[in-house]
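The values are calculated or read from the model by the stated rules, or taken from the named source; none is laboratory data. Since the structure is predicted, the reported quantities are computational estimates derived from the model, not experimental observations. Please note: Cβ atoms are built from the backbone with ideal geometry, for glycine as well, and neighbour counts cover all protein chains shown.
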Amino acid sequence: MRYELPVSDMETLRRYQRNVRGKEYIKATTLLMLAKCYSPENVSECLGIDASTVYRYWALFREVGLDSFLEKRHKGYWCMLTSREITVLRSELSCLIYTDSKSVALLIKASLGVEYTNKGIVDLLNRIGFTYKKTKEVPCECEADKQEAFTSELSELFDNLDDNTVVYYADGVHPTHNSRSTYA
């Protein structure tokens, strides 16, 4: 089989070849080598591709023409959300702390109607500037005036008790409540 290219196509391929890398370079070089009378087996050996790929490139070129053959069909991917939806998500995530990707996925599904996998959520959050890190321990804030009022009330109570009275203290909060840092 003869592989012939018009001179204008060869010039276009050479210009294209100088400006691309990787798979696009190999596609252009395949056509140029075939046009220079290299056998498909030699082309595949020189370029490190399968011989069937060489035949497939030539058939595709003959079928769709040079412009369509050189067209880059791979479109970049940002995400399934629009820019406005990402802005809404960012503001929501800035207001509340979420401790896992599942809860963020549920939020997106409920509010925006888009389903994400856990891995997809993690990638999305990293892409829009959020990270998963350990929270800082912050001591609870006390209110000195309330503590003072409690102390004076307790002193009054103790002053009015007889000697046989037993006083028990009960705390409604477990000692470990909010005392460990978690990730969010």
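Assorted remarks:
- Checked against (1) out of contact with any helix residue (DSSP H, G or I) (no Cβ under 8 Å at 6 or more places or on another chain); (2) surrounded by 15 or more Cβ atoms within 10 Å (Cβ to Cβ); (3) within 18 Å of residue 182 (Cβ to Cβ), residue 137 passes all but a single condition, namely (2).
- Residue check for residue 36: within 22 Å of residue 71 (Cα to Cα) and charged (D, E, K, R): no
- Where a residue in the range 1-23 is free of Cβ contacts under 8 Å to residues at least 40 places away in the same chain and its partner, wherever it lies, is among the polar types (S, T, N, Q), with Cβ under 9 Å and at least six apart: 17/29
- Matching helices (runs of 4 or more DSSP H) fully within the range 1-58 where at least 2 residues are closer than 22 Å to residue 72 by Cα and in contact with a Phe, Trp or Tyr (Cβ under 6 Å, 6 or more places away or on another chain): 22-35
- Set side by side, the residues 137, 148, 141, 153 differ, and just one is outside the structural domain of residue 13 (by TED's automatic domain parsing), without any contact (Cβ under 8 Å) to a residue 12 or more places away in the chain and part of a loop (DSSP other than H, G, I, E, B), which is 141.
- On inspection, residue 20 passes the criterion of being outside the structural domain of residue 135 (by TED's automatic domain parsing) and within 29 Å of the chain's Cα centre (by Cα).
- Options 99, 131, 87; residue that is among the hydroxyl-bearing types (Ser, Thr, Tyr) and not in a loop (DSSP other than H, G, I, E, B): 87
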